[in-house]
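Written out below as structure tokens is the structure these notes cover.
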Amino acid sequence: MCGVFGIVNHKDAANLVYLGLYALQHRGQESAGIASVSLDGTLSETNIGTPIGSSGTGEQIIAPGTPQIHVEKEMGHVADIFTHERLSRLPGDTAIGHVRYSTAGGSMLCNAQPLVASTSKGPVALSHNGNLINGAELRRQLEEEGAIFNTMSDTEVILHLIARSRERDLERALIDALSRVKGAYSIAMLAPGRVYAARDPYGFRPLVLGRLADSLVVSSETCAFDLIEADAIREVRAGEVVVMECGTTAAATLRVVHQFPSQREARCIFEHVYFSRPDSVVFGTNVAESRKRFGAQLAREHPVDADVVIPVPDSGLFAALGYAQESGIPFQFGLVRNHYVGRTFIEPKQTIRNFGVKVKLNPVREIVAGKRIVLIDDSIVRGTTSKKIVRMLKQFGAKEVHMRISSPPTTGPCYYGIDTPQRRELIASSKSVEEIRNFIEADSLGYLSEQGMLNAVRNGDDPQRLYCTACFTGKYPILQEEQNLEAALRA
Ligand code: AMP
């Protein structure tokens, strides 16, 4: 999963992107990068002509006589990567950024974004959130035609399609490229004095536009706007391509470049269940509010006679609040999270994941001992974390642990950018609710229903046609054969 951010017309563009990425850190912790464009930069003696995706430091595509794209990217967290010195190497009033957690292409520096390219239509940099389901197929075709790829990421396919488009104008080439890719993309593309923002016709991943005085901003989530004190304007619509430009007037301008036809929307429901930050407004709804409604609905669907409602922090927090309010059972912080450990699941190495579970959470004995607990989390993936938490609570004296999950059983992988593991690793793909209960050693287990979840998101008249629920229902909005092919290639 990834986060994208961009700004035009601000003298501290790179610094603001840095702040934006800081707020989007939860969307990806493997690598982060910022690209800026200056119109009067000096020639760098190093890294001249460095190819796409290589070298995290000082990578520049030099076009003598300007404009120039500067990029700084590295493996790790935003706060660790960007020093004053690094930010000072990102001049210009227009910039984009990216935080990455790999869902297509491995976890390594060459895949870190933004990807930069020098094309016949000018220099560009690209940040992408989502997975292209025909990325591998397009890459094969391009390679057969002689294209040289520098990364394993499907994002590079978009750059190649832009570079090779017969359209001579960058804007038309972008539309041409996007008309050939299928799947999920929310992108920010940097060009001199401009940032293009686009969302695929299904609108799988979020992307919002905002204003900060004379600047325009684009972000995966509104929480980044709150940090820099920008006002949200609206979402980039499904299938829409817009451009934010430093114009002739003092203020940046927003222009709709293209609207691809959109048969139906397929907003990722998992953004509301788990992924997005609770203080963000995603797809027009505040995430904390929808999670509270999931919890309240869960209490109606699966009531328990218990003493205390305890969330698994942080993922179960708001759903637990909703459950407690609806059921009247007191809410307590019975599990304390060590905030200095990363999100366990997001760490790609198995050894770290297992270790992480143990160091991440600790029960409060005084709250837990002798109690009948309703334990709330947002989802069960493999079931291993949940099992450890239930065991820990029992070791600390819990009388009963009733697990309640604020989404339906996760039965299928995501092909559109969430890192759900392969089907065989998903416990609910092969086990019944009773078998899962038995595996995690809980006294009872209840999942929120699909309809309950969709009603709780409460946005639009027909949530069935607005949201993608494929990981819970197997109803994939884009053809299954393509996904199977892609999955086979990725495996
Ligand atoms: P487990 O019991 O091992 O299946 O782990 C369940 C935990 O994984 C829950 O706390 C979820 O919030 C979390 N989780 C679910 N999906 C993801 C994801 N795609 N990335 C990271 N964590 C996730």
Being at pLDDT 95 or above and outside the structural domain of Arg139 (by TED's automatic domain parsing) is the requirement here; does Phe225 meet it?
no
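Results for (1) within 16 Å of the ligand (Cβ to nearest atom); (2) on the phi > 0 side of the Ramachandran plot; (3) open to solvent by 10 Å² or more (accessible area, probe 1.4 Å), shown as yes or no for each residue.
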{"position": "Ala232", "(1), (2), (3)": "no, no, yes"}
{"position": "Leu254", "(1), (2), (3)": "no, no, yes"}
{"position": "Gln259", "(1), (2), (3)": "no, no, yes"}
{"position": "Asn286", "(1), (2), (3)": "no, no, yes"}
{"position": "Leu298", "(1), (2), (3)": "yes, no, no"}
{"position": "Asp314", "(1), (2), (3)": "yes, no, yes"}
{"position": "Phe318", "(1), (2), (3)": "yes, no, yes"}
{"position": "Ser327", "(1), (2), (3)": "no, no, yes"}
Single condition Gly412 does not satisfy, out of (1) open to solvent by less than 40 Å² (accessible area, probe 1.4 Å); (2) not in a loop (DSSP other than H, G, I, E, B)
(2)
Would you check if Ser429 is in a helix (DSSP H, G or I), within 13 Å of the ligand (Cβ to nearest atom) and assigned by TED's automatic domain parsing to the domain that holds Arg365?
yes
Would it be correct to say that Glu240 is away from the ligand (no atom under 16 Å from the Cβ) and of a type in the set (Asp, Glu)?
yes
Within segment 295-318, how many residues are β-branched (Val, Ile, Thr) and farther than 21 Å from Val381 by Cα?
3
Inside segment 83-129, can you point out the residues that are under 15 Å from Leu159 (Cα atoms) and either charged (D, E, K, R) or part of a loop (DSSP other than H, G, I, E, B) (or both)?
Ala112, Gln113, Pro114, Ser120, Lys121
I'm trying to understand the selection: among the residues of segment 130-182, which are touching a Ser or Thr at 6+ places or on another chain (Cβ under 7 Å) and either assigned to a loop (DSSP other than H, G, I, E, B) or without any contact (Cβ under 8 Å) to a residue 24 or more places away in the chain (or both)?
Gly130, Asn131, Asn150, Asp176, Ala177
Residue under question is Ala456, and the condition is that it be under 22 Å from Lys388 (Cα atoms), in contact (Cβ under 8 Å) with a residue 60 or more places away in the chain and open to solvent by less than 10 Å² (accessible area, probe 1.4 Å); does it hold?
no
Selection status of Ile436, open to solvent by less than 10 Å² (accessible area, probe 1.4 Å), away from the ligand (no atom under 12 Å from the Cβ) and at pLDDT 95 or above:
no
Residues to consider are Ala470, Ala428; find the one that is at pLDDT 90 or above, open to solvent by less than 10 Å² (accessible area, probe 1.4 Å), out of contact with any helix residue (DSSP H, G or I) (no Cβ under 6 Å at 6 or more places or on another chain) and under 29 Å from Ile133 (Cβ atoms).
Ala470
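The values are calculated or read from the model by the stated rules, or taken from the named source; none is laboratory data. What you see is a predicted model; the values in this text were computed from it and never measured. Note that we place each Cβ from the backbone using ideal geometry, even for glycine, and neighbour counts take in every protein chain shown. Just so you know, the surface numbers come from the protein's heavy atoms only, side chains and all, with ligands and any DNA or RNA stripped out. Shrake-Rupley method; radii C 1.70, N 1.55, O 1.52, S 1.80 Å.
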